[in-house]
Each structure stands twice: as C-alpha cells, then as structure tokens.
There are 2 protein chains.
Amino acid sequence: MTAPLHEARANGPGRALPDTQQGMRRRNLARVMHAVSAEGSLSRAAVASRIGLTRAAVSTLVDELIRTGLLEELGPERPGRVGRPGSALAVSGRGPAGLGAEVGVDHLAVCVVDLRGEVRARIERQGTNRGRSPEPVIEELTGLVRRIVAEVEREGLWPAGLAVAVPGLVARDGRTVVAAPNLDWHDTDLGALLPAELALTVDNEANFGGLAELWLGENTPHDFLHVSAEIGIGAALVVDGSLLRGTRGFAGELGHVPVHPDGPECVCGGRGCLEQYAGEEAVLRAAGLEPGGDRVGLLAGRAADGDPDVRRALREAGTALGIALTGALNLLDPEEVVLGGALAGLAPWLLPALETELARRTAGPPCPVSVSRLGSEGPLLGAAHSVVRAVLDDPAAVAGRG
Amino acid sequence: MTAPLHEARANGPGRALPDTQQGMRRRNLARVMHAVSAEGSLSRAAVASRIGLTRAAVSTLVDELIRTGLLEELGPERPGRVGRPGSALAVSGRGPAGLGAEVGVDHLAVCVVDLRGEVRARIERQGTNRGRSPEPVIEELTGLVRRIVAEVEREGLWPAGLAVAVPGLVARDGRTVVAAPNLDWHDTDLGALLPAELALTVDNEANFGGLAELWLGENTPHDFLHVSAEIGIGAALVVDGSLLRGTRGFAGELGHVPVHPDGPECVCGGRGCLEQYAGEEAVLRAAGLEPGGDRVGLLAGRAADGDPDVRRALREAGTALGIALTGALNLLDPEEVVLGGALAGLAPWLLPALETELARRTAGPPCPVSVSRLGSEGPLLGAAHSVVRAVLDDPAAVAGRG
DNA sequence: ACTATTTCGTCATGGCGGTTTACAAATTAG
DNA sequence: CTAATTTGTAAACCGCCATGACGAAATAGT
C-alpha cells in the first residue's frame with residue numbers, strides 16, 4: 001500500500017475513479033473516522049446524526065473500524081440527558097501513526113503522532129546541514145527514523161507513512177527536492193535515499209507549516225495565507241481547506257514577489273524581490289549584524305533590548321512584507337494572514353509596520369494578521385499530521401496492514 | 001429546484017452530504033453526461049470503458065437520461081472496426097438550456113446555449129449604462145431575457161438557470177453586486193430585481209471569462225490565470241479546474257496589486273497599483289487621448305497605424321502588467337497566462353514588453369502567455385455555459401422539470 | 001458464401017450497502 | 001414504579017452495480 005494515499009482530492013466534475021459501492025463504503029468509513037476524531041469521543045448515534053447516515057449503517061461501519069483497530073469503545077457515556085446513554089467511541093491510540101520529519105538548515109527532527117493527534121515521540125539533532133550533500137544528511141535522518149520507530153513500536157504503533165518537510169521547492173511528485181538553496185540541494189529524489197517500505201511524501205516546510213495551522217490552529221479559517229520565513233520567505237496558500245500547490249508545486253513563493261521593481265538584483269533574476277528587504281540576510285545586513293549562529297534569536301534579543309538599528313531593520317522588513325502581502329491579498333482574498341516560522345518570533349516588531357502598510361493600501365477593512373501559536377514546530381507537526389490525515393481520509397487503505 | 005445547483009464543490013475531507021446510493025446514482029448520471037458531452041457522440045460501451053462502469057450499468061443510466069430527455073440516440077455508428085457497431089448517443093439539443101447575460105458598461109447582452117454547447121440565440125443592446133441606477137438596467141435586461149426565452153422555447157428549449165456577468169465585485173452569495181465602480185452600483189441584490197423563477201448566479205465578468213476559457217479554450221490547462229481588462233483589471237484564477245473566489249468573493253483583483261509602491265494614489269487607497277499604469281484611463285492619458293467612445297478600438301487603430309505615443313503607452317502598460325504578473329506567478333505557479341477581454345485586442349503591442357518583463361524576472365523558463373480566442377465574448381459565453389455545466393454536473397436535479 | 005471472431009446492448013442473477021421497521025436495553029421524569 | 005426517551009442491534013427490504021450469458025450485428029478468414 002504505497003498507493004497514493006494523498007489523492008483524496010476531488011477534481012471538479014466527475015472524479016477520475018468510478019463511483020462504486022465499495023468507494024461509497026470507503027468514504028463513509030472515512031466520515032466516521034473524521035467525526036470521531038473531530039469530537040474526541042462520540043457515540044454511534046451521535047456519529048449517525050452528524051454524518052447523516054442511519055444508526056444501523058453507522059453500527060456496521062463502526063464494527064468494521066473497531067475490528068481493524070482504528071476505533072475503540074470506551075464504554076458507556078455519562079448520561080446527562082434522558083434515554084439510554086450511548087457507548088463512547090474514540091480513535092485508537094495504537095495502530096497506525098504518522099511519522100513526520102524535518103530537514104532544517106541547522107537541525108534534523110523526527111516525530112510520531114498517533115491517530116488521536118498526540119505527539120508520542122520526538123527526536124532532534126542540532127548541527128548545520130548547510131552545504132552537506134543529501135546522502136549523509138538523509139542517512140542520518142534515516143537513523144533517527146529507525147530509532148523513533150523502534151521506540152514507538154513498543155507502544156503498539158506502526159508508521160503508516162513518512163512525511164518530510166524541507167526548506168526548498170518540491171516537485172509535485174512529492175519526492176523530489178527541485179531546489180533547496182540553503183542546503184545547496186538540486187533535483188534530489190529523496191525517495192531513493194529513504195527506506196522504500198515507508199510511503200513517502202516530501203513537501204516544502206512552509207506548506208506543512210500551513211497545514212499544521214489549518215489542522216491545529218485555534219480559530220484558523222479554511223482560507224488563509226501562512227507566511228513563513230526561515231532563510232527564504234515562503235507562503236502556504238490554503239484555499240477552501242486545501243493547499244494550493246501550483247502546476248509545478250512552486251506556488252507560494254512570496255519571497256520573489258517584486259516589491260520595488262527597480263530595486264537590487266536578486267538571485268532569482270528579478271529585481272527588488274521581497275527577499276531583498278525582508279529576507280534574513282537582508283534584515284541582518286540592514287541591522288548591521290553578521291550572519292551565523294542563532295540569527296533569529298539574536299535579532300529578537302537585540303530588538304527586545306531596544307537596539308535602534310535592529311528595530312529599524314525590522315520595521316522596514318515589515319513594510320516590505322506589507323507591500324508584497326497587499327498584492328497577495330488582492331489576488332487571493334483570504335480570511336486571514338498567519339505569520340509562522342521565524343516570523344512568529346519577530347512579530348512584535350514586524351507587525352506594526354506591516355499592519356500600517358496593509359491598512360494604507362486597502363480600501364475596506366484590512367485582512368487580519370495573526371501570529372502562529374505553533375511557531376517553528378509547525379512544519380514538523382504538519383508533516384506528521386499529514387500522514388495521520390491520510391489514514392483518516394481512507395481508513396480502508398490502511399486496515400489489515402498492522 | 002432553485003436549490004444550489006452550483007454547490008458540487010467537494011469540501012476537503014468528508015463532504016457535507018452523506019454518501020448514499022442515490023448520491024452515487026446521481027454522480028454516475030453526471031459522469032455519463034460529461035463523457036458524452038466531452039466527446040460529442042459516444043456509444044454505451046465507449047461510455048462504460050471511459051467512466052469505469054460496466055456496460056450493463058451504463059445502459060440503465062443512459063435509459064434514464066434518454067427518458068428524461070437529456071440524451072438522445074442517434075442510431076448505429078459507422079462501423080470502422082470489427083464487431084457490432086454501437087449506437088451513438090448525443091446530448092440532447094432540446095430541453096434545458098443555459099441562459100447567460102452580460103451587463104457591460106456600454107451594452108447589455110443575453111444568449112442561450114443548449115446542452116450541446118451551441119449558441120442558439122443572442123440579443124445585444126448597445127448604449128451606455130454608466131451611472132444608470134440598477135433598476136432600469138435590470139428591467140431592460142429582463143425584457144431581453146423574456147424575449148430570448150420566448151424565442152428559444154419555440155425550439156423546445158427552456159432555461160435551467162440564469163447567469164449574469166457584471167463588471168464589478170460580487171459577493172459569495174452569487175447574487176449581490178458589492179461594487180461596480182464603472183456603473184456606480186453598490187451593494188445591489190440583483191436577485192431582487194430579476195424574475196424569481198430563474199435560478200440565478202451573478203459573478204464577475206473576469207471570472208466568467210476565465211471559465212469560458214477553461215471550458216471552450218483550445219488547449220487551455222486546468223491551472224491558469226485569465227487576465228481581463230475592461231475598465232478595471234481583473235483576473236480569474238483557475239486552480240485545478242475550478243475558480244478561486246476568495247472568502248468574500250473578491251479574489252483576482254490584479255488591478256490593485258502594487259507595482260510601484262510609491263507611485264500615484266489610487267481610488268483603492270493604495271499607491272502605484274497596476275491600474276495606475278495599465279488601466280484603460282491611464283493608458284489613454286499616457287497616449288494623449290481623450291476617454292469616451294470605442295476606446296479600445298481607438299487604441300488598437302492608432303497602434304496599428306504606428307502612433308508612437310500610443311505604442312509607448314501600451315509598452316509601458318505591458319511592462320507594468322509584467323511586474324504585477326511576476327508577483328502573481330510566484331504566488332500561484334499556473335501553467336499559463338491567458339489575456340482576455342480588451343487585452344486580447346491590444347495584445348500585439350502589449351505582449352513584447354510583458355514577456356520581456358516576465359523573462360527578466362523569472363529564473364526558470366517563463367510562464368507562457370497566450371491570447372484568448374474568445375476575446376470580449378468570453379464573459380457572456382462563460383455565463384451561459386456555467387448554467388449548462390450545472391445541469392451536466394447534476395442531471396438528476398433538472399430531470400422531470402421540463 | 002459461410003464460418004469464426006469480435007464487439008455491442010440487454011437480461012437474469014447475485015452481492016453489497018444503506019434504509020426501514022421493530023425491539024430490547026438503559027436511562028430520566030414524574 | 002410507570003411513562004417517556006434514547007441507544008444499539010437485528011431482520012427484512014430496496015436500490016445500485018457487477019457478473020455472466022446471450023442474441024445481434026459487424027468484420028476477417030477460408
């Protein structure tokens with residue numbers, strides 16, 4: 001079952017797959033899983049009324065899910081109302097789990113999330129990967145993966161797939177890193193370097209960060225822009241609850257939106273791209289600091305101390321971000337902008353200028369800008385949860401594998 | 001059945017509707033209609049292999065569609081291959097039809113498209129609507145609608161819905177014109193002014209133009225940007241074969257993407273928006289011409305005559321468009337950009353500067369830019385076809401109404 | 001010509017999936 | 001302690017598609 005778990009996408013009129021009774025069953029199994037998962041604990045009757053099937057039908061679906069170990073029965077609910085109390089169902093804390101990994105510029109991280117959404121294990125290794133070739137890095141990552149898998153297997157969990165977040169552009173095949181400038185990786189097929197027995201998905205860290213925000217954020221809407229700056233500036237475009245990836249998978253390159261069209265030249269070939277004003281290197285230079293080390297922490301520290309150069313640099317970055325975002329908001333009309341990744345930590349000094357700029361350039365009420373609660377954990381969590389979601393989206397595909 | 005025909009949208013995991021056998025049947029009916037419609041004429045066996053059902057199942061589906069008048073049997077196919085020839089099926093040229101209307105700044109137009117996609121009637125009325133209040137304009141439009149409906153009813157067609165294209169922002173309810181600056185309409189509920197018996201959809205003309213391109217364009221991909229300039233500059237964002245509308249329905253406002261952030265002030269509150277450089281008024285001013293009359297024709301004529309001021313003005317507009325599009329392409333990564341509406345007619349003089357700018361600012365191969373074949377007919381055709389698509393998307397909803 | 005082969009459309013049968021209906025179990029309200 | 005309410009399950013039913021077989025209508029080969 002290395003089949004395309006992720007392809008639950010419905011394409012406009014008439015999906016590619018025939019509409020058969022088995023497909024119906026599979027979709028209804030998924031609906032039950034989602035209902036229980038969203039609520040934490042639910043009786044059969046509650047599931048039935050929530051997804052619009054009859055209690056009898058839900059009973060058979062639940063039976064099947066319990067048999068395959070994806071749901072478990074917690075026993076009778078506390079009866080608050082009149083009538084026979086229902087029997088609480090919950091997503092199983094054992095069985096398939098999501099394996100998420102992050103290849104950062106300065107670290108590697110792996111975590112396991114169970115179907116309930118709980119983080120069950122996490123390993124991290126500090127140390128720069130800048131300029132290292134993919135093979136040793138992925139070999140090291142594989143070591144971490146094997147360790148963590150062995151660890152959680154003792155708790156009855158097994159990995160239903162592996163999702164890897166990388167700081168770069170990823171092709172739509174979900175395996176190939178087309179370009180990761182800060183790692184100096186180009187056209188690298190991670191599928192060839194990772195254990196073949198794990199169903200693999202590779203994606204941009206901004207995208208996984210955006211998905212984490214969508215799935216784990218407190219009041220996150222279904223349409224928003226998740227802006228994430230690490231070294232480059234990327235954005236995840238979440239439209240109607242799913243990621244906009246673009247034809248080649250390169251959507252969301254906010255960093256290369258022109259801000260001052262006659263500005264300084266950029267590596268992308270353009271001039272005056274946002275990255276020239278709000279990218280990490282540009283901000284450090286504008287603040288009179290040297291790159292290297294924990295750069296974001298350094299910036300935040302100096303800004304908190306009131307360093308005027310740093311404050312000014314961040315204000316200017318915020319203004320540039322505001323200009324680029326004005327364009328994006330006019331094009332996409334999202335419900336919200338969420339600042340994630342390194343931007344979350346610098347938000348206090350970026351936000352005022354950013355919001356001023358948005359307000360100046362918008363006719364109606366400006367789009368609200370919020371700061372991610374997840375911060376730099378977003379991509380890792382998003383990756384692991386994407387595997388979990390794939391299981392919830394098609395429980396039948398996973399059943400009987402454990 | 002004024003029910004939301006358009007809501008065939010699938011929301012992420014687990015659609016809102018329960019997955020029942022009747023739903024399955026409805027979706028399969030739609031699949032048959034789409035298959036036949038896409039091919040023009042198809043036998044039952046060909047439909048079956050195309051949509052993945054068995055011949056027996058398709059037979060019953062086709063029977064039902066023939067009984068309700070949506071399909072018709074053309075008789076035996078010309079046998080080119082061995083074996084019994086199939087019986088050709090075609091979408092009916094009678095029965096439900098799509099009614100499309102366009103409220104332009106300088107004209108009104110209405111047309112009827114049958115399920116086969118043929119334009120069966122068309123009425124147009126020239127005359128400016130600038131500054132007229134909505135009531136008399138829509139009253140006049142209603143008159144045209146009634147005339148054209150009476151006309152096509154004699155051919156056995158009846159309207160399955162009415163779609164209206166307007167030059168302005170439309171709310172997501174698909175009825176309310178939030179702002180149409182060139183008509184000076186604000187927060188106008190067209191549903192209250194049009195015959196209630198017609199299922200109504202109102203949308204931006206750029207959006208309908210984009211849909212027309214998607215459905216009728218020659219080699220149009222599923223992901224593209226349709227840029228349409230009439231007075232303002234709007235874009236339709238087609239992602240994975242469907243329109244990106246935005247939370248409020250305001251997506252695609254390319255005209256207010258900042259191009260020179262310190263440029264002249266714009267009505268939107270911003271500065272240096274694309275519209276300041278490539279909007280009709282700006283181009284006319286830059287070319288030293290007075291607004292009024294057939295302005296696009298005037299520009300095209302002068303440009304063709306080699307008028308240097310006009311040529312320069314169009315070059316500069318092309319450059320500005322290129323800058324704004326660079327931002328859009330970085331965000332959306334579409335497969336193509338299509339110039340439609342008035343831009344199509346001016347393309348010869350806009351394209352060189354536009355493409356130069358895109359090439360300069362893009363690292364990889366630049367996104368191809370093409371010119372719409374439909375030109376200014378796009379919005380009207382898109383509107384009418386959107387009704388037709390709604391019928392094809394759910395034939396069961398319409399069956400038995402005729 | 002005449003037969004074998006291929007393909008098409010249809011019919012009868014069957015399996016599968018959700019609904020309907022009925023009922024026992026478990027709780028609260030009075 | 002009874003009536004009312006809600007839950008979960010079982011049995012009968014209906015609808016939908018798959019399967020397999022068949023006649024019909026064409027081509028290919030002898």
### Message
Tell me whether the range A:349-370 contains one or more residues that are within 22 Å of the chain's Cα centre (by Cα), β-branched (Val, Ile, Thr) and within 26 Å of B:Glu265 (Cα to Cα).
### Response
yes
### Task
Looking only at the range B:247-256, decide whether some residue is in a helix (DSSP H, G or I), aliphatic (A, V, I, L, M) and assigned by TED's automatic domain parsing to the domain that holds B:Glu335.
yes
### Message
A:Leu144 - would you say it is surrounded by fewer than 23 Cβ atoms within 10 Å (Cβ to Cβ) and hydrophobic (A, V, I, L, M, F, W, C)?
### Response
yes
### Message
List the residue pairs whose Cβ atoms are under 8 Å apart, where the first residue sits in the range B:280-292 and is touching a residue at least 40 places away in the same chain (Cβ under 8 Å), the second is open to solvent by less than 40 Å² (accessible area, probe 1.4 Å) and among the small types (Gly, Ala, Ser), and the two are 6 or more positions apart or on different chains.
### Response
B:Glu280/B:Ala229; B:Glu280/B:Ala342
#### Entry: Top-ranked residue in the range A:96-108 [being touching a Lys or Arg at 6+ places or on another chain (Cβ under 9 Å) and touching a residue at least 24 places away in the same chain (Cβ under 8 Å); ranked as nearest to DNA strand D (Cβ to nearest atom)]
A:Pro96
### Query
helices (runs of 4 or more DSSP H) wholly in the range B:289-375 with at least 1 residues that are open to solvent by 30 Å² or more (accessible area, probe 1.4 Å) and under 27 Å from A:Asp262 (Cα atoms) - which ones?
B:308-332, B:342-361
### Summary
Selection from the range A:25-52 of residues open to solvent by 30 Å² or more (accessible area, probe 1.4 Å) and near DNA strand D (Cβ under 9 Å from one of its atoms) yields A:Arg44, A:Ala45, A:Ala46, A:Ser49
### Summary
Every listed condition ((1) surrounded by fewer than 19 Cβ atoms within 10 Å (Cβ to Cβ); (2) within 10 Å of chain A (Cβ to nearest Cβ); (3) free of Cβ contacts under 8 Å to residues at least 60 places away in the same chain) holds for B:Leu214 save (1)
### Message
Quick test of your reading of the structure: A:Leu200 fulfils all but one of (1) surrounded by fewer than 24 Cβ atoms within 10 Å (Cβ to Cβ); (2) at negative phi; (3) not assigned by TED's automatic domain parsing to the domain that holds A:Gly174. Name the failing condition by number.
### Response
(3)
### Message
Given the criteria assigned to a loop (DSSP other than H, G, I, E, B), within 16 Å of DNA strand C (Cβ to nearest atom) and modelled with pLDDT of 95 or more, does B:Leu65 qualify?
### Response
no
### Task
Within the range A:256-268, track down each residue that is open to solvent by less than 40 Å² (accessible area, probe 1.4 Å), of a type outside the set (Val, Ile, Thr) and at the interface with another protein chain (Cβ under 7 Å from one of its Cβ atoms).
A:His256, A:Pro258, A:Pro261, A:Cys268
### Query
In the range A:270-285, which residues are buried (at least 20 other Cβ atoms within 10 Å of the Cβ) and within 13 Å of another protein chain (Cβ to nearest Cβ)?
A:Gly270, A:Gly272, A:Cys273, A:Leu274, A:Glu275, A:Gln276, A:Tyr277
### Query
Does B:Arg130 satisfy the criteria of being surrounded by fewer than 21 Cβ atoms within 10 Å (Cβ to Cβ), farther than 21 Å from B:Ala48 by Cα, of a type outside the set (Gly, Ala, Ser) and under 17 Å from the mean Cα position of the chain (by Cα)?
no
### Message
Looking at the structure I just gave you, is B:Leu289 touching a Gly at 6+ places or on another chain (Cβ under 7 Å) and not assigned by TED's automatic domain parsing to the domain that holds B:Thr128?
### Response
no
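Matching residues to (1) more than 8 Å from chain A (Cβ to nearest Cβ); (2) assigned to a helix (DSSP H, G or I); (3) away from DNA strand C (no atom under 13 Å from the Cβ); (4) under 29 Å from the mean Cα position of the chain (by Cα):
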{"position": "B:Gln22", "(1), (2), (3), (4)": "yes, yes, no, no"}
{"position": "B:Arg27", "(1), (2), (3), (4)": "no, yes, yes, yes"}
{"position": "B:Ala30", "(1), (2), (3), (4)": "no, yes, yes, yes"}
{"position": "B:Ala38", "(1), (2), (3), (4)": "yes, yes, yes, yes"}
{"position": "B:Ala48", "(1), (2), (3), (4)": "yes, yes, no, no"}
### Message
Name the single residue that is farthest from the other protein chains (Cβ to nearest Cβ) among those in the range A:236-250 being surrounded by fewer than 19 Cβ atoms within 10 Å (Cβ to Cβ) and without any contact (Cβ under 8 Å) to a residue 60 or more places away in the chain.
### Response
A:Asp240
### Query
Quick one: in the range B:53-83, which of the residues that are buried (at least 19 other Cβ atoms within 10 Å of the Cβ) and away from DNA strand D (no atom under 13 Å from the Cβ) is farthest from the other protein chains (Cβ to nearest Cβ)?
B:Thr68
### Message
at the interface with chain A (Cβ under 7 Å from one of its Cβ atoms) and either surrounded by 21 or more Cβ atoms within 10 Å (Cβ to Cβ) or touching a residue at least 60 places away in the same chain (Cβ under 8 Å) (or both): which single residue out of B:Glu230, B:Glu253 fits that description?
### Response
B:Glu253
### Task
Quickly run through the range A:148-191 and pick out the residues that are small (Gly, Ala, Ser), surrounded by fewer than 20 Cβ atoms within 10 Å (Cβ to Cβ) and either in contact with a strand residue (DSSP E or B) (Cβ under 9 Å, 6 or more places away or on another chain) or within 15 Å of A:Val103 (Cβ to Cβ) (or both).
A:Gly156, A:Ala171, A:Gly174, A:Ala179, A:Gly191
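The values are calculated or read from the model by the stated rules, or taken from the named source; none is laboratory data. Note that this is a predicted model, so its numbers are computed, not measured. So basically every Cβ, Gly included, is an ideal-geometry build from the backbone, and we count neighbours across all protein chains shown. Ligands, DNA and RNA are excluded from the accessible area calculation, which covers all protein heavy atoms including side chains. Shrake-Rupley method; radii C 1.70, N 1.55, O 1.52, S 1.80 Å.
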